[in-house]
There are 2 protein chains.
Amino acid sequence: MLNFTFCVPTKFVFGHGVEKETGRELKALGAKKVLIHYGGGSVIRSGLMQTVTDALDAEGIAHVSLGGVKPNPRASLVYEGIELGRREGVDFILAVGGGSALDSAKAIALGIPYEGDFWDLWTGKAAPAARIPVGSVLTLAATGSESSNSAVITREDTREKVGLNHQLNRPVLAIMDPELTMTLPPYQTACGATDIMAHAMERYFTNETEVDVTDRLCEAVISTVIRAARIAMKDPRNYEARANLMWAGTIAHNDTVGVGRLGDFASHRIEHELSAMYDVAHGAGLAVIFPAWMRYHLETGHNIMRLAQFAVRIWHCEMNFENPAETALRGIEAYEGFLKEIGMPITMKELGARTEDIPELTRRVRRSPDGTVGQFQKLDDAAIERIFRIADR
Amino acid sequence: MLNFTFCVPTKFVFGHGVEKETGRELKALGAKKVLIHYGGGSVIRSGLMQTVTDALDAEGIAHVSLGGVKPNPRASLVYEGIELGRREGVDFILAVGGGSALDSAKAIALGIPYEGDFWDLWTGKAAPAARIPVGSVLTLAATGSESSNSAVITREDTREKVGLNHQLNRPVLAIMDPELTMTLPPYQTACGATDIMAHAMERYFTNETEVDVTDRLCEAVISTVIRAARIAMKDPRNYEARANLMWAGTIAHNDTVGVGRLGDFASHRIEHELSAMYDVAHGAGLAVIFPAWMRYHLETGHNIMRLAQFAVRIWHCEMNFENPAETALRGIEAYEGFLKEIGMPITMKELGARTEDIPELTRRVRRSPDGTVGQFQKLDDAAIERIFRIADR
């Protein structure tokens, strides 16, 4: 087990009707003036925004709002939020929405006290040193951004999509009512489930041995999502399924299931280029890339036993002791079968991605300082391109 | 899933040699004068105390110390610590040791700012409102006290053993080096493993249905402990086994594996009277009580399917679909077999407890306001006595 530091200071308030507690919770945190940050009109039409602002008003907490967050949240809106937040002197940013609203809120929160261009923090030109506290009223089970240290922002002008992982990115409050996710279109529910599984899987596929506790926690989350997603796809108003998905989404990406090992995250990095180029949903992109990434390891014979463990423990494949690679393949096929079952694409074509873009996509994948991406195997240009080719079937 | 609030603000610094970071971590938390609280001479003989005080000295952090914490930590030492802490004006309490040092430290931390008798907070006469921050350099994988909201104190004069669960009991820092647990005697290692399993099992045995994620997280922790304890009993210096036990111990009792459901905790309440009356190790007492508690539910036919789930998912018993109670029984037997294998007692006799004390033990078990104990079934006097009788075989 590798040495680690772990601290998730987020207060989670979870369950039926908890959005009505927003005012009380923010007051306990000392908020005086809140910037409410959200996406489109759905949170207004659903009445959620009214509930939240009523709750703030009841506690005498002032608020301004900024809507318009899009999936793959844009730098341009972050600049707008920073300016608004400074002008209004806000002391808390409350995202009402999903991971996009949260990531955008995190960037605004770091940007307000930073004197330069906030993008410096994302490109590594400067290190975060201060932030305005962030909280959320979550409406989507997917990204885990409600307590993760991560925020991904896309620059429209350069089509760069960049994530920043930093302890200051961890929100202080997450208000989570599973009922708010019941009205999601099935495709978004499936994208969310795929993303949650991928977050646990990025941590599961490791070469660290004997981090048994983390392995089993990952398996717990992945197995929960498989079961709950199947229920939620058929019965969108099933509270228990929505609740299990929502909590699984949180712990899949706040490192509860990742301690003591290096996460891989090549699939996330590779996928980011798909969603940046074609503006497709992140979960759908992962459904295309993650199985291809697994097939690449099978092809190159890397750590077959871990792929087999995934097949046996998650998909209940029978272990083929004479030919573990065959078991590994059946695990990948079971995973692909599940993705198809919940309506996800598993090929580049289904996603609308073009074969001729593969060299450019490969070139764009953001590398680690050594020029590779990932930890399970460090992937160079040829490996990344091969993964796109496997996905382009 | 029941509504819940969950917040573990503890910063975990985990791995090889992290005790050398104690000074830097405390400095980052703003500590100026620390009360170091510990048990016997082992932390001095091992050199750990020297490492810790050197680390504090290097950062210019003043410190005083108070040793003498015993298993089942005593109120009398808490009074002493409160007086010392006030006199010296300490602003941080650092437990160096296991759960006993931590629980005692938590009581001192709440007692210093409280004007009355700290015992009022434990008996419910007054509610905690403030505390001095607490941290630990942990030397034992067992109680989870390093991040739990719980602290159990024993009054020598009345032989009362009482736990207080409160958010203010959560430490802000846990420094966890698995190597520090390698020199534990096998009996203590086994007691710790038994306690960790019991913490997850107290949360596992619930009548809430469809809290799938929490079920699976509990199973992850219990399965980890079974595997790691077997390795650590045979090979005490196995770092990976020690690391898995240590982290499992933390998450088993800080509610990571308990959200969305009521924990039972009858076995803990019942056991507390055994360890208070005979001064036996808490883990050993749990090894006697928990299987008896399970046999009681089997006897009364309560939620057999949950007992069967425990048998199938934890102990890999084959499900007997015609007779789930038979599967349940095999699960209990497998659990007892494991406890015996690691050297735990499983009967009152082995523990040195007397049959004739059963009525008095029953009378002493601390009840909830409705006069019962537990949630899986609410146990009245007759039920508690029956559990002692089952254990007295």
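FYI, it's all coordinate maths here, none of it is from the lab. In this text, all values refer to a predicted model and were calculated from it rather than measured experimentally. Because the Cβ atoms are built from the backbone with ideal geometry, glycine has one as well, and the counts that use them run over all protein chains shown.
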Within segment B:105-212, which GluC sites (Glu not before Pro) sit in a loop by DSSP and count at most 16 neighbouring Cβ atoms inside 10 Å? B:115, B:156, B:208
Tilt, helix B:212-234 to longest principal axis of chain B (alpha-carbon atoms), in degrees rounded to tens, equals 80
What is the helix-to-structure angle for A:381-391, meaning the angle in degrees between its Cα long axis and the longest Cα principal axis of chain A, kept from 0 to 90 and rounded to the nearest 10? 90
Position residue A:179, label points 7 Å along Cα→Cβ, spacing to each other copy in nm (shortest first, one decimal): 5.4
Between residue A:363 and the same site in the other copies, what are the distances in nm, shortest first, taking label points 7 Å from Cα along the C-beta direction? 8.6
Net charge of Cβ neighbours under 10 Å - reference residue B:89; Lys, Arg +1; Asp, Glu -1: +2
For segment B:125-250, what class follows from the C-alpha gyration tensor (a ≥ b ≥ c being the square roots of its eigenvalues): rounded when a/c is under 1.5, otherwise prolate if a/b is larger than b/c, else oblate? oblate
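Based on the Cβ-Cβ distance from residue A:207 to residue B:360, what FRET efficiency comes out when R0 is 56 Å, to the nearest 0.05? List each step's numbers first, then the result.
Details: r = 56 Å, r/R0 = 1.01.
Working from the Cβ atoms, E equals 0.50.
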P(r) weight above 14 Å for segment A:331-374, C-alpha pairs, percent: 66
Between segment A:87-157 and segment A:195-210, the alpha-carbon center distance in angstrom: 25
Which value, in debye to the nearest 20, describes the size of the charge dipole of chain B about its Cα centre when Lys and Arg Cβ atoms bear +1, Asp and Glu Cβ atoms bear -1, and nothing else is charged? 360
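Under the √(5λ) rule applied to the eigenvalues of the Cα gyration tensor, what semi-axes describe the equivalent ellipsoid of segment A:186-391? Give them in Å, descending. Mind dumping the intermediate values first?
Working: eigenvalues 115, 91, 54 Å².
Calculated on Cα positions only, the semi-axes equal 24, 21, 16 Å.
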Per-copy distances of the residue B:157 label point, shortest first, in nm (7 angstrom along Cα→Cβ): 7.5
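Give a quick list of chymotrypsin sites (Phe, Trp or Tyr not before Pro) in segment A:287-393 that DSSP marks as loop, anything other than H, G, I, E or B, with at most 13 other Cβ atoms within 10 Å.
On the way: sites: A:293, A:296, A:310, A:315, A:321, A:335, A:338, A:376, A:388; in loops: A:321, A:376.
Answer in residue order: A:321.
May I ask you to compute the full-extension gain from residue A:130 to residue A:235, defined as 0.36 nm times their residue separation minus their alpha-carbon distance, rounded to one decimal in nm? Numbers along the way, then the final one.
On the way: separation 105, 0.36 × 105 = 37.80 nm, distance 4.34 nm.
Full extension of this stretch gives 33.5 nm more.
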Considering only DSSP states other than H, G, I, E and B, which GluC sites (Glu not before Pro) in segment A:306-345 qualify as loop sites with at most 14 other Cβ atoms within 10 Å? A:318, A:322
Could I have the simple spin-label model distance between residue A:393 and residue B:70, label points 7 Å from Cα toward Cβ, reported in nm to one decimal? 6.8
Report the semi-axes of the equivalent ellipsoid for the protein assembly as shown in whole Å, largest first, where each axis is √(5λ) for an eigenvalue λ of the Cα gyration tensor. 43, 32, 26
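When a/c is below 1.5 the answer is rounded, else prolate if a/b is larger than b/c, else oblate, so apply that to segment A:58-107 with a ≥ b ≥ c taken from the square roots of the Cα gyration tensor eigenvalues. Walk me through the intermediate numbers first.
Working: a/c = 2.48, a/b = 1.44, b/c = 1.72.
In terms of gyration-tensor shape, oblate.
Quick check: from the Cα gyration tensor, does segment A:129-183 come out rounded (a/c under 1.5), prolate or oblate?
Details: a/c = 2.70, a/b = 1.35, b/c = 2.00.
Because a/c hits 1.5 or more and a/b fails to exceed b/c, segment A:129-183 counts as oblate.
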Please give me the summed charge of the neighbours of residue A:287: other residues whose Cβ is under 10 Å from its Cβ, Lys and Arg +1, Asp and Glu -1. -3
Report, to two decimal places, the Cα Rg of segment B:1-90 normalised by 2.2 N^0.38 Å (N = number of residues). 1.29
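Write down the Å³ per residue value for the convex hull defined by the alpha carbon atoms of chain B.
127
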Hey, rough spin-label estimate for residue A:86 and residue B:381, points 7 angstrom out along Cα→Cβ, what's it come to in nanometres? 7.3
How many nm is it between the label spots at residue B:166 and residue A:262, if each spot is 7 Å from the Cα in line with the beta carbon? 4.6
